[in-house]
Each structure stands twice: as structure tokens, then as C-alpha cells.
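Worksheet: the structure to be examined is printed underneath.
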Amino acid sequence: MGSIGPKTVFSKLFFRSSELPGNSNQSSLLRRLSIASLLAILIAAPSLVYLYRYEQINLSEEYFAQKNERFLFHLANTLSDPINTFIANSAEHGSQTALPNFDALFTSALEKTDTHTLLKLKIYDLAGTTIYSSAKHEIGKTSQRPELLAKALHGEAAHSMEHRNTFSGMNGEMRDVHIYMTYMPFMHGEKQTGVIESYDDISRFIYRLDVRSIQITLVVLGVFGALYAALFYAIRRTDHALTSWQKAVAESQNLLQTIIDAAPVRVFWKDRESRYICCNPAFAKDAGETTPQNIIGKTDYQLSWHEQAGLYQADDRQVIESGIPKLAYEEPQTTPDGKVIWLQTSKVPLRNAANEIIGVLGVYQDITERKQMEEKLLMTQFVSDQAPDSICWIDKQAHIVYANESACRGLGYANEELLAMSLRDINPNFKFDVWPSHWQELQQKGDLSFETRHRRKDGSIFPVEVSANYIKFDGKEFNVVFMRDITRRKQHEDALRIAAATFETQDAIVITDTLGNIVRVNRAFSDITGYSAKEVLGKNPRIMSSGRHDRSFYIEMWQRLLRTGNWAGEIYDRRKSGEVYPKWMTITAVKNEQQETTHYVAIFSDITARKRIEEEIHNLAFYDALTKLPNRRLFLERFRTALTASARRNDYGSVLFIDLDRFKSLNDTFGHDYGDLLLIEVGARIKSCVREMDTVARFGGDEFVVLIESSGSDPNDATRKISLVAEKVREALARPYDLKGHEHHSSPSIGICLYHGNDDTLEALIEHADMAMYQAKNSGRNAVRFFDPIMQKNAATHDALENDLHYAIELQQMHLHYQIQVDSNNRPQGAEAFLRWKHPEQGMFMPGQFLPIAEESDVIIKISRWVLQSACRQLALWGRDAKTRNLTLTINISAKHFGQPDFVSEVTDILKIHQANPTRLKLELSEKLVLTEVNSTVDKIRALRNLGVKVAMDNFNTVYSSLSFIKELSSDQLKIHQEFVQGLTTESGDTRLVQTLIDLAKSLELDIFAEGVETEAQRTFLEKHDCNLYQGYLFGKPMSIEEFDAVIAKL
């Protein structure tokens, strides 16, 4: 390989000998291409024609199959019965039976169809025997294509296209004919009875197809011939182009060799075994050789850099095996004189014309000088970056051309960002118009020092101390700036100023040494304590001690101060005047760098005013403003504590709930000033009756609550003690009161509930005491009552019933029962409706069990309105029957309902809605209702009478009425209550009272009606004294409307 030149190497690398222009193989290649193209044309043309003919025949088979199937289907439908008869006769008598007749039918059917291509028609029976054929000699024979016949016998049409040399058809013997056969099942109804076969002449179609194929063959040959001529012409032109290309390549080789030889970089080639194929003169010189030929065939182990040979060849293998270039990497090299230099090398895979990797192409340049400079720069950079101060180089245009790591960290920018910035971007005070004069001053003085501000990337501003230095480097002028962040120094200076100002704050400040001697005080100290600085310097702060805190208080204070370094809390001190005052004080230990305490700083403020406000707020929050007694909130807190203590001690206590009797009348008569005086006196009297440890509270209005604790562990003994206290309170509150010279009498109702630990909740205990208080009120006032569990049960039942009453009407639980009213002849005159409540869980309730509960709320109005509506609805129903249309229906009206301003209009509307006869409706009013609002009641009764509605008075008592009042009421009827009727048979005053009532009613021309008549004796008495209308169990009990209507129907 030593004699191979670079040019020859290029030819061997990039060209095969057979590919070089001018080679003798070129003509052979052209001949082979021409012959191959001609053969391809001769093969392709017939192939295409054959494919065309094959596809056309396939398409025509589908066409002929459909055509023949339609024809045979038509023929079978036309001759269905004759064919079927023919098949049947043939099976019975032989295939020649009735043949002439069938031929005539067949000929007639053919004339009606397009059968000019039909050659022959045959019919087979199910045994596969020909029973009919237009070629008579074939009758009795089987098919020549048994496989197609078998397919048709199984119910499926079969087809075949064939060429026959001879063929017997309807028109005689035929030669060289193409036929299309179709076998089709013949069906009679749902049953197959035979097979029909047809033969079509398709010779003309095949002839036309052959002609078309020959034409296509000629066209294809013509087109391919033209393509062959064009291809031959193109190959000839390519031959000339290859010759020109060879010359161009040779010239390019010479030019490339010249460039490589003259290049300042080193260029070399190696084969796959890392043997040098060629190199340029510069590379040979580095290897210590005079010409590149001396390098060819050698390896790196044979050259001066044999120590790096393993490294180089590893790089070669990496590039050859991976096919990926390795670019611009640095590596050492030993020169022939033994020096180590640095190279920047690039290697790429070397490929031949077939794109096969046959070696590696390398280029390198000597970068030793640059590496040495970089090392120096790196050392300088390292020193600069390690500097604690920020360093920047600024050019004459104020651009930053260098910044060390400290500058990047301090300003928050990456180095690349800073090098694209100017002083204006980091200095908010920078001004371009001032910069030239600043640069001139720096040139003159050489260095400048000053303070300014810089701006970080996040926008924050911070103070810096700047040292600017003028230098010249490489012919250019620079300002080398050293910058130091002085934020902490500025903060320290600010802190000193603030501390000096703070020392003269409104809070008092005392500084002592470690022995507790005062070394400094501020003006606020003198203002608060009254001591001047001169009077307290060198003395201990204990001179201001109030004496309110014991020794343990100060020991704990100092222990915490020594342990944590600070103490804060409320403390009482004494002023110079002797006045004791509260103050809030914070003491902090001041430590040096060795964490040793050097001083104590105490800061305090006078909190006298704050304590006074807190006390007022506490009183407002926990005490009644009028009586100064604990309010509900404070009472509940103390009660919770008392319950816990009771559980711990296992003893009893009690809650007394006190309500003043007739307190409202005092306020209404004399005004609230008198009421307030009474409440203050009541609070004082209650407190005088209990112990200091007990709590007396005002809940509001005239309600007071007393909490008595620790009454003993025995419940009986506790009850006795508490009873004595309660009685003492009752007596004290029952004594007369002097209210602004007016003597006022009052009394309390007191409810008591015992408690024992946490057996009951706080809320339950207060509720129990409240219930007991109401029991005391209901018993006549000025009384004391203990809580009874039965009372709680009744209250719970009461609340449950009241809640259920609100939904009773919507749930259709209310019902009316009717009790008959008769005259002296036992003729029905009407009925009174009684309300019943059918509770889904507790059964039937009588009116006396739930109406009093309803009267306590507005639900009674809802119930009373429902009774009125139900009564009018029933009257309307009665009005449709001759036996009931004259009956009067009596209902009781609630006082609250009657008291509604629109009661009369409501009655009017309900009567109209139900179209009830108002003269058959009677409303019963209680005497109590009538006496409450006399004028309003009289007006409403008159309005009702004008409507035709009757009004009766119930529970009438002559003791509380006068004749003139009764007359004024204009009532229609006077009812004698059942209590008086029940006493008629006994020796009592009821007999005289009833007689008096009857006489009174007669004098006022009122109807007399007696209820509760249960015996004949009572009826006899009433009838004897002209009372002729009765109601009671003697005549019938209250009953449902169905039962009532049944009774009326029987009368």
C-alpha cells in the first residue's frame, strides 16, 4: 500500500470498476436491458389480454345464468300445471305419454318469449331420467353432466359454459358451437317434482370476445413497442451522460485533493482495522513524516502518539460500529519530540458508493494554545467567583461585559442574562445623560467609592456600596466594579434609630443590670410611676412593689425569666403617690455574643382604664343591669360547675324558679319605674334569704332563679332544708313594698327541682323547676311546689297532642258524631254535633281531652272552622231528603273563632259554598264568650240572625246575668245545662233553679231546651214545666252519621 497515491485511493473508495464510465461492460449492460425489456413486452401483452378475456367470460356467466333462470322460471310458471301433469303421467305410464299435446303447449310458450338463442330444452324427473327433450332421441336417458343435475335435484340451480364439436339441438345437428347450460329445479307449490334444463347458443358472444381480444393484443403491443423505443432512447442518452459525469468526477477528485492538501487542519482516512489509508501533508508532518505515502498502511501504535493509540482506535470503533459521527471532541496527542498537545477532533463514518462503512474519516486541529489560555481564564474565573463581593466589568457604553457568580446570585440573574444588560437595567438611579461625566471623573481619579441602589430580577431594591476602578485591557477601557450588599448594615442602622425613637415611646421602659439595679428609664416611666430618673437610678424596682403579690409570684417570675429569657404578665405596682395600679409588663433578657445575660429590659403600660372597661364588659355580659344580679349566662355557667361538684360530692342541690304574681298590672297601672323598683327590692330580699355561696339570678322580666348547692346527701333531708329556704323566700316576697311612698302588695309562685350530680341535664332541670312554678300559679299563686315526674309526663303528653292536633284535619282524623234532639212527642227536631278525634296511635279522644289543648293555640280556630264547614255540608245533604230536610243541626263555636273580625262573613261564605239552609243551622255560644266582648258579641249575633242562623247560649248561669243583658243578646234559645238536669231527681236547689230558668225563658219568649236527659222522671218533670225540647241518652247517644241516618230512616 505504500505506493498508492491519494488520487488512486479516492477512486478505490468511491467507485467500482464496473461502474466507471467507458468500461466495456457498459455495452453489455445496454444489450441486457434492451433484451429484458423486449421479453417483458412479449410476456406482458398476452397476459393482459388473457386476464381481460377471463374477466369478461366470468361476467358473461353471471349474465347468462340470470337470463336462463328468468326464462326457465317464466316457462315453469306458464306451463306449471301441464308440466306437472306431464311429469306425473310420465312417472305412471312412461316418458312418451301425451307427448304431442305437451309439444304444442311448449311451442306456444316459446313463441311468447325471446328464445332465439335456445338450442334445446329437457325435463328430468326426480330419478334423473330425461322425460322430455326437444331432441327426441335423448328421452329416457340421463344427463351428460350428472354433477350439475344432482345439484338441481337438491333444489339449487346449476350452470356451465362449454364448447362442443357437435351438438344435437331442436334444429338438428350443429358443429363447433359454444353453449351455456342451466339446470333449474321445477317446483309445484312447495314441493320439487323435477328439473328443467336449457341449452343456449353463446357462439356469437364468444366470437365477438375473441375478436375484441385480438384487437386489444394489437393495441397493447403497439403501446409497449412505443414504450420500448422511448426506453431505448433514454438509455442511449444516459450513456452519453455517464461519460460526461466521469470527466466531472475526475476533475472534482483533483480539486478535492488540492483543497485537502492545502487545508490548515489535519485530514486522514482509516480502514475498518484502523490502518491509515491516506492523509494530507499537515497530518504527515505532525507524525514526523515528510510525505503522506509514509503514513499509509500504518496504525496509531506505529506513530509518535502510540501512548494514545488505544484511545484513538476506541473512537474509530465507536464511529464505525454505530455509524454516528463523533464531532468536535478534545483529546491529547504526543508529538515526535515527546510533547503532549491538545487536539479538537471530529470523526465520521467513511462509506463507499454502496453506502457501506469501509472506515473512518478524521479531521483535527491543534488547540494547545487555546487550552492554555482557557486554563488561565478558568483560574481567574474561579478566584473571581469565590470573591464575596459582586464583580462586574462595565464598558464605556455602560454595558456589562463580565459578571462573577456573586453578582449573579445577588441580582438573581443568570450570567447570560446579565451579559445582555447594562447598568440602567440594574440601577434604578442610573441616567444616561450623567454617565459620560461619571466616566470622565473615573478616568481622572482612577477609582471612586459611593453608595447607591440596585434592583434584583424580582423587582426588589437593595442598597449597595460600590468601588469603581478604571483599567485598560487589550486596548479597551473598562470600569471594574466591586459591589457589596449593605442591606444588613442599613437594617442595623435603622434598628438603632428606631430603638432610640422607641425608647421614648408611650410605654414605660426600665433597663437594669444583672443584679436588678436600674441603669436607665425613659420619660414614660416617670409619667406613669411619678418617679424621676434621678430618683430610681441604681435602685431595685422593688421600691414600687404594691404588696399584693406574695413571694412565690416573684420566684416563679424569675425562674421563667432565667429559663426562657422573657416574662410577660399582669402585675400590680405602686406609684410614688402610694396609689396601687395594674400594669401589663414584659421583661426580656439581653444577651451578648456568648449568650450571657448583660441586662434586663422591662416594658410596661398602665392598664387601669382597660381593667375598668373589662370589668364593665364583664358586668354587662354576666350581670343584670337593673338588679346587679347574675344573668342567665352566668347562672348557667355556675349551674354547670355545681352539677359537676354535686357528682363529685354525691350530694343534692336545687333550682328555685320564682315568678312574681300580678307584676304586669303594676307596670300597667303605675309605670315601669315602679316595676323596676319592685324588681330591685325582690332581688335584694331573695339574696337575704340564701347563703353567700348560693346564686340568685334574674332571667328577665319578673323571673328569678336561685341555685342552692350542697343541701346534703340524703334526699329527704335536702328536701326539708330547701323547703324551709323556699318558704322563707315566699314570706319575704309576700311582705308589702314601699314604692315611692306607695304601698304595693305582691306574692311569688315558686317552683323547685332537686338535682343530684349529672342525673339530668341542665336544661331539663330548669324546665322542671319552671313546670313546678306554673303548677304553683295554677294552684292559686303565692305557693311553693316541688317538681313531680307525673307533671313532666303530662306536659310531654300535652305537647305531643298539641303537635298532632296541627295535622289532625289534613290527615282526616277529625269526625262528627250526632245526638238526636226530640220534642215531647218523640219526633226528631234536629241533632247536636259532637267532635271526636280518632288518633292513629292512641285511639278515640273525646272533646274534653283535646279541645282545652287546642284552645291554648290558634289551632282551635282551624278545628272550629272545619266543624262549621262539615255541619253546612251535612245540612246540604239532609236538604235533599224529605225526612231530614227540616232537621236543625247545632254546633259549638270556639270563642277564638267567634272573636275573629270576619266571622260573620265567613259563615255567610260557607253557607253559600255548600248551599245549606241557614235556618237549619244553630250556633251554640258559651256564657264566658258572650260576657267577654258584649258589644261585639251582640252585633255578631244580630248579623247571624239576619242570615237566618239561630244562636243559643250554653252553660248559662243566672247568678252572673241580668234580664236586661239576656234580652240584649237576642238569643233564640236558652239551654238548660245537663248538670242542672241531673239534679232534678234529687232533693236539691236544682229543681227550683230549673223552674226559674224556664220561667225566665218564657218571659223573654225564648225556646227552652234541656240537655242530658237520661231518665223518664227527668223528662216528665221538664214536660210538666213546659220544656218540650230534649236531648240525652234517653233518646239516643252520639253516633256516626251513618248510624244517625239509619235511625231517622226508621222513624
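The values are calculated or read from the model by the stated rules, or taken from the named source; none is laboratory data. The structure presented is a predicted model; accordingly, all values stated were derived computationally and were not measured. Using ideal geometry, Cβ is built from the backbone for each residue, glycine included, and neighbour counts are taken over all protein chains shown.
Being hydrophobic (A, V, I, L, M, F, W, C) and assigned to a loop (DSSP other than H, G, I, E, B) is the filter here, so list the residues in segment 689-712 that pass it. Once the filter is applied, which keeps residues that are hydrophobic (A, V, I, L, M, F, W, C) and assigned to a loop (DSSP other than H, G, I, E, B), segment 689-712 yields Val690, Met693.
Thr243: surrounded by fewer than 15 Cβ atoms within 10 Å (Cβ to Cβ) and in the same structural domain as Lys347 (by TED's automatic domain parsing), yes or no? No. Among the residues of segment 420-435, those identified as part of a helix (DSSP H, G or I) and surrounded by 15 or more Cβ atoms within 10 Å (Cβ to Cβ) are Leu423, Asp425, Ile426, Trp435. Specify the residue that is nearest to the chain's Cα centre (by Cα); the eligible residues are those in segment 476-493 that are assigned to a strand (DSSP E or B) and among the basic types (Lys, Arg). Result: Arg484. Might you check whether a residue that is modelled with pLDDT of 90 or more, buried (at least 20 other Cβ atoms within 10 Å of the Cβ) and part of a strand (DSSP E or B) occurs anywhere in segment 319-337? Among the residues of segment 319-337, not one is modelled with pLDDT of 90 or more, buried (at least 20 other Cβ atoms within 10 Å of the Cβ) and part of a strand (DSSP E or B), which makes the answer no. Within segment 287-305, the set of residues being closer than 17 Å to Tyr364 by Cα, free of Cβ contacts under 8 Å to residues at least 60 places away in the same chain and part of a helix (DSSP H, G or I) comprises Asp300 only.
Restricting attention to segment 679-702, report how many residues are surrounded by fewer than 17 Cβ atoms within 10 Å (Cβ to Cβ) and under 13 Å from Phe635 (Cβ atoms). The total comes to 1.
For the condition farther than 24 Å from Tyr755 by Cα and either of a type outside the set (Ser, Thr, Tyr) or at pLDDT below 95 (or both), what is the one hit in Leu707, Leu724, Leu733?
Leu733
With respect to (1) within 30 Å of Val519 (Cα to Cα); (2) in the same structural domain as Ser747 (by TED's automatic domain parsing), the lone exception for Arg638 is condition (1). Here Glu465 fits the description: of a type in the set (Asp, Glu), without any contact (Cβ under 8 Å) to a residue 60 or more places away in the chain and outside any helix (DSSP H, G or I).
Looking at Asp573, Asp485, just one residue is assigned by TED's automatic domain parsing to the domain that holds Phe430, surrounded by 14 or more Cβ atoms within 10 Å (Cβ to Cβ), at pLDDT 90 or above and in contact with a helix residue (DSSP H, G or I) (Cβ under 9 Å, 6 or more places away or on another chain), and that residue is Asp485. Taken over segment 617-633, residues that are in contact with a strand residue (DSSP E or B) (Cβ under 7 Å, 6 or more places away or on another chain), within 18 Å of Asp676 (Cα to Cα) and either hydrophobic (A, V, I, L, M, F, W, C) or assigned to a strand (DSSP E or B) (or both) amount to 3. Within segment 543-555, the residues that satisfy the criterion of being surrounded by fewer than 13 Cβ atoms within 10 Å (Cβ to Cβ) and either free of Cβ contacts under 8 Å to residues at least 24 places away in the same chain or polar (S, T, N, Q) (or both) are Asp550, Arg551, Ser552, Phe553, Ile555. For His438, the conditions (1) assigned to a helix (DSSP H, G or I); (2) of a type outside the set (A, V, I, L, M, F, W, C); (3) over 21 Å from Asp474 (Cβ atoms); (4) touching a residue at least 12 places away in the same chain (Cβ under 8 Å) all hold with the exception of (4). Sub-6 Å Cβ pairs linking a first residue in segment 584-599 that is assigned by TED's automatic domain parsing to the domain that holds Tyr572 to a second residue that is outside any loop (DSSP other than H, G, I, E, B) and polar (S, T, N, Q), at least 6 apart or interchain, are Trp584/Ser605; Thr588/Asn566; Ala589/Thr597; Val590/Thr598; Lys591/Thr597; Asn592/Thr598, ordered by first then second residue.
Filtered by the rule that a residue be of a type outside the set (A, V, I, L, M, F, W, C), in contact (Cβ under 8 Å) with a residue 60 or more places away in the chain and within 21 Å of Asp474 (Cα to Cα), segment 395-431 gives Asp395, Lys396. Tell me whether segment 780-801 contains one or more residues that are closer than 18 Å to Trp866 by Cβ and surrounded by 15 or more Cβ atoms within 10 Å (Cβ to Cβ). Within segment 780-801, one or more residues are closer than 18 Å to Trp866 by Cβ and surrounded by 15 or more Cβ atoms within 10 Å (Cβ to Cβ).
In this structure, does Glu173 turn out to be assigned to a strand (DSSP E or B), in the same structural domain as Arg145 (by TED's automatic domain parsing) and surrounded by fewer than 15 Cβ atoms within 10 Å (Cβ to Cβ)?
Against the criterion (assigned to a strand (DSSP E or B), in the same structural domain as Arg145 (by TED's automatic domain parsing) and surrounded by fewer than 15 Cβ atoms within 10 Å (Cβ to Cβ)), Glu173 qualifies.
Rundown of residues vs (1) surrounded by fewer than 19 Cβ atoms within 10 Å (Cβ to Cβ); (2) small (Gly, Ala, Ser); (3) on the phi > 0 side of the Ramachandran plot, yes/no style:
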| site | (1), (2), (3) |
| --- | --- |
| Leu875 | no, no, no |
| Arg880 | yes, no, no |
| Thr884 | no, no, no |
| Leu889 | no, no, no |
| His897 | no, no, no |
| Ser905 | yes, yes, no |
| Thr908 | yes, no, no |
| Leu911 | no, no, no |
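Out of Gly446, Gly459, which single residue is free of Cβ contacts under 8 Å to residues at least 40 places away in the same chain and touching a Phe, Trp or Tyr at 6+ places or on another chain (Cβ under 6 Å)? Going through Gly446, Gly459 in turn, the sole match is Gly446. Under the condition of being farther than 21 Å from Pro82 by Cα and either out of contact with any strand residue (DSSP E or B) (no Cβ under 8 Å at 6 or more places or on another chain) or not acidic (Asp, Glu) (or both), the residues counted in segment 183-212 number 12.
Is segment 588-600 home to any residue that is among the acidic types (Asp, Glu) and under 30 Å from Val690 (Cα atoms)? No, the conditions are met nowhere in segment 588-600.
Reported count of residues in segment 318-358, each being on the phi > 0 side of the Ramachandran plot and over 60 Å from the mean Cα position of the chain (by Cα), is 2.
If you go through segment 597-639 and keep only what is of a type outside the set (Val, Ile, Thr), modelled with pLDDT of 90 or more and closer than 30 Å to Gln559 by Cβ, you end up with His599, Tyr600, Ala602, Phe604, Ser605, Asp606. Residues that are of a type in the set (Lys, Arg), assigned to a helix (DSSP H, G or I) and under 21 Å from Asn68 (Cα atoms) occur in segment 194-209; there is at least one. If the condition is being modelled with pLDDT of 85 or more, surrounded by fewer than 13 Cβ atoms within 10 Å (Cβ to Cβ) and not in a helix (DSSP H, G or I), then segment 941-962 contributes only Gly948.
When segment 121-138 is filtered for residues that are at pLDDT below 85 and of a type outside the set (Ser, Thr, Tyr), the ones remaining, listed by number, are Ala135, Lys136, His137, Glu138. For segment 284-299, residues that are modelled with pLDDT of 90 or more and either charged (D, E, K, R) or under 14 Å from Gln333 (Cβ atoms) (or both) total 1.
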